[in-house]
1. Ignoring ligands, DNA and RNA and using a 1.4 Å probe, state the total buried accessible area between A and B in Å², rounded to the nearest 100.
2. Relative contact order of chain B: what whole-number percent is it, with Cα pairs under 8 angstrom and at least 6 residues apart?
3. Let me check I've understood the local charge: for residue A:90, count other residues with C-beta under 12 angstrom from its C-beta, Lys and Arg +1, Asp and Glu -1. What total comes out?
4. Considering only protein heavy atoms, what per residue accessible area in square angstrom results for the protein assembly as shown with a 1.4 angstrom probe?
5. According to a simple spin-label model (label point 7 Å from Cα along Cα-to-Cβ), what is the distance in nm between residue A:263 and residue A:92?
6. Among B:181, A:164, what's the order by accessible area (1.4 angstrom probe), most exposed first?
7. Report the FRET efficiency, 1/(1 + (r/R0)^6), for residue A:138 and residue A:164, where r is their Cβ-Cβ distance and R0 is 35 Å, rounded to 0.05.
8. Per-residue ellipticity at 222 nm for chain B, helices alone: DSSP H runs ≥ 4 residues times -39500 (n - 2.57), over residue total, nearest 500 deg cm²/dmol?
Amino acid sequence: MKKNSIKKWGKKLLSALVIVLGVTFLTFLLSYLSPDDAAVVKLSSMGTGYTQEMLDKTREEMGLDRPFLEQYLDWMKNVIRLDFGKSYRTSENITDMMLAALPNTLKLTFLSLMVTLIISLPIGILCAYHPNGWLDSVMRLFSYFFSSLPSFFISLIVLYYACIKWNLFKVMAEPGIRGFILPALVTGVSLSSWYIRQIRAIALEQLSSQYVYSLYSRGISRQRILWKHVLKNCMLPVITLLGVSIGGMLGGSAITESIFSVKGVGALAVSAVTSRDYPFIQAYAAWMAALYLLVNYLVDVAGRKLDPRIS
Amino acid sequence: MQNKKTKIAYFLSLAFLLVLLVFMLVAGFFLKHDPYATNLSDAFIPAGEEGYLLGTDQLGRCIACRIIAGGQQTIYSSMIVVAVVLAFGSIMGMLAGYSGGAIDSVITKITTVFQAFPGFVLAVAIAGILGPGKGNGMIALILVYWTTYARYSRSLVLNLKNNTFVRAARMCGAGRVSILIKYILPNMVPPLLVTAALDIGNVVLSMAGLSYLGLGGARPTAEWGAMMSESRRFLQTNPSLIVIPGIALFIMVFLFNICSDCARNYYDKRGSFHE
């Protein structure tokens, strides 16, 4: 038994490695295929014009005329040592920039997920308990509403009202937790609309299963069944949902962070994109993918721990 | 009774959507002002005055005309993206599901690699590296969205492959390709189309997000996301510059979402196999 599971873990690890390799390959391929390569960006950022000769010479210096595989292996050699090169925009070490900004993004993601769970778990379960009741219909409308709004629109409107009109928060995010409240609320609430529908479906399934019926027939109160037993059994699918939405949040954080001035990875990515900072964009894609894979792996593990029936 | 309500909801929402689309496409030929003509002396006119239906923006361009022009572009590019993604993704999925073996393995690995990236991250990375421009934005979104259809069509093919009527066809000597085209394909089309319809709304939102960041349709095109990011500076003084494109986006995506949801409910009842 033990040997079998080690073999299975090994296989999983191997396929994860292959995927990570594929991910890095893809990100490197992206910048290799881009019309304006590193030499062009470097020369044009110096302000003065340049000739084709200068371009060719710079390309040679930067090693951009070598075959693709050679450049890729070279980049990978550095990546393995966690050296992603220097940003074109600020000339800082990219790894340092990432490590400094990542905690903020993670904090924001975590807070948003907390908000989402606190809002959507009770409401979702209640909607399932009274299907097609007034709460359910109102929530369905909300869900349609929020899923049609672009995230940056909500953020801008909230920014306008909360900071400018009502002066509740400052426009520039304050350090510490206070600066995270608004973006976490915005992200959390708009994600809740989707979560409520999902949790409703999950809870509905739970409510129609045998154990609920048998608990009720044994005299356990409705309230207790709902909030003690059903809630617990919903957690497993909910954790899978969390894994899926973390990916969306890691990506969508870019816009929210830049609007609310949170110094996270997303905001850095936005500046990198506007200044054609290729090494950073590459590193951003690679990091986010690696993070997402890690999160999904953790969700898998958690799922297996919570429900031993999954193999 | 349930069926009647679904029917009404479907046709009503479809009617609203078609009205919006036709309006956008036709009104584009009757624009009063050039959406790109700047006229600084006419900047910041409030809505309704001086013949500008929704006012002008910071460069004096008519907002209503820009909304309509942007709407046309948004509709065209989103439909193209969804069409390409549907075709390409489904073909890949069919190849993988029907052939099985090594081809399946390779295609699945490729889709997993693409799906390892959070969607928007990949779109931003691709569009960021390719540079701004509508075409690059579309390429980025195509590369992000195709995996959904590849996965979905693969699972549909796998489900249908073992159906009785397919096995009967094999027994009668039908070739593999003709089975694929005559039996499996027609049963895959409805669910794929419904997913595609639902995705149009998402694609529109993603395009807006990209153009907000300066990728995809960047300024001075009349893309709604770009209009919103250009007007960010004027959040305090002229919030309507941001609100109007936002509402336009909302209405379009809302109608698409409701319509495709109703369509899904409607076609679900009548889902039938072609034999």
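1. Numbers: alone 18650 and 14490 Å², together 29510 Å².
Using a 1.4 Å probe, the pair buries roughly 3600 Å².
2. 22
3. For residues surrounding residue A:90, the net value is -1.
4. Value for the protein assembly as shown: 50 Å² per residue.
5. Spacing of the two 7 Å Cα→Cβ label points: 0.7 nm.
6. Working: B:181 100, A:164 45 Å².
Largest accessible area first, the residues go B:181, A:164.
7. Computed FRET efficiency for residue A:138 and residue A:164: 0.75.
8. -24500 deg cm²/dmol
The values are calculated or read from the model by the stated rules, or taken from the named source; none is laboratory data. A quick note: this is a predicted structure, and the numbers were derived from the prediction, not measured. Cβ: placed from backbone, ideal geometry, glycine included. Neighbour counts: every protein chain shown. Please note that ligands, DNA and RNA were not included when accessible areas were found on the heavy atoms of the full protein model with its side chains. Shrake-Rupley method; radii C 1.70, N 1.55, O 1.52, S 1.80 Å.
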